[in-house]
Amino acid sequence: MMRNGPNTSIEIYEGFNKSSKEGETMGLPRPFELALHEGTRTDRLGGTAICGFNSKGAVGAIAVDRIIKAFDLEQLGSVLSDSFPAMALVRGRRPQHPVRIYQGDDLGAFVSDIPFPEEYNLAFGETVLKWFQDGRFERLIVVDGLVLPSFGEEERDRLFGVSSTDSGRAALDELGIECVEHGVVPGITGYLLAEADRLGVEVIALIPPVNPMFPDARAAILALEAISDLIKKEIPLSELAEKAVEIEERVRDVFASLPPALPEPKTSDDEDDPMIL
């Protein structure tokens, strides 16, 4: 039990404030602490865990937020660290920590609503795995975005998938999702996939191409449609689709109002340098 003032206390989710012997030996960072909220139920653990971070195009955070609302998941706790920025995100008049976990019947969710530096990736990866294991989940679905060198309408309907197990890869094939045959998956998602392969647990990553210039709700919809098929539960998406159109229209208006960018004139020294275009 961690004290939080003279008359209140925060219950620490079992295992989150302890690092494993294996992790210490390997030099991995300790997982962040997870404080349970007063009066929350812990008897509905298990099922499918879904995780999303505010990274490329915010696609993971958008997708998980939609799942939380669609299934009215209960907030179980918040992820805390003295290295996090001190802030409260106010949503629907309610102040919340930026990194939270939720639970419903056979469904759990882990979401971060703000971006973090890359040096936090390993600690977040360990935190998600600890939450997954202590929550007795059967599989983990991670939603992340992919920034392609060129991004056009032809990329809009593509969705890539990677899984740590044969059964997960078979499920992706059955849904017609493009499985990555060769490549590198960076960041928290890549770490979760690699560790899941080592530990023998099932992690499925859904990775749509995104526009990194704005919150990409259209890409999140692609991932949510796949999640709906994987968990065999309908996820209402009409409201999110309307928001996606609104976001894109606002972004187009902003870009249309910008003056055209002109290249800076080259100096004589630039013209002699073959490395400068």
If amide H atoms are modeled at 1.01 Å from N in the peptide plane, then the residues at a separation of 5 or more from LEU107, or on another chain, having amide H under 5 Å from its own are THR48
Counting sequence-distant residues (5 or more places) and residues on other chains, those with an amide H built under 5 Å from that of GLU33 are LEU80
For the pair SER83 and HIS182, the simple spin-label estimate (label points 7 Å beyond Cα toward Cβ) gives in nm 3.5 nm
Computed over the stretch 167-214, the distribution of all Cα-Cα distances in 10 Å bins, rounded to whole %, is 22, 52, 22, 3
Too long for a 21 Å Cα-Cα cut-off, among LYS56/LYS233; LYS69/LYS243; LYS69/LYS232, are LYS56/LYS233
Expressed in angstrom and rounded, the centroid-to-centroid distance over alpha carbons for the stretch 199-244 and the stretch 75-93 is 24 Å
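Readers should treat all values here as calculations from the given coordinates under stated rules, not as data from a laboratory. The structure presented is a predicted model; accordingly, all values stated were derived computationally and were not measured. Note that we place each Cβ from the backbone using ideal geometry, even for glycine, and neighbour counts take in every protein chain shown.
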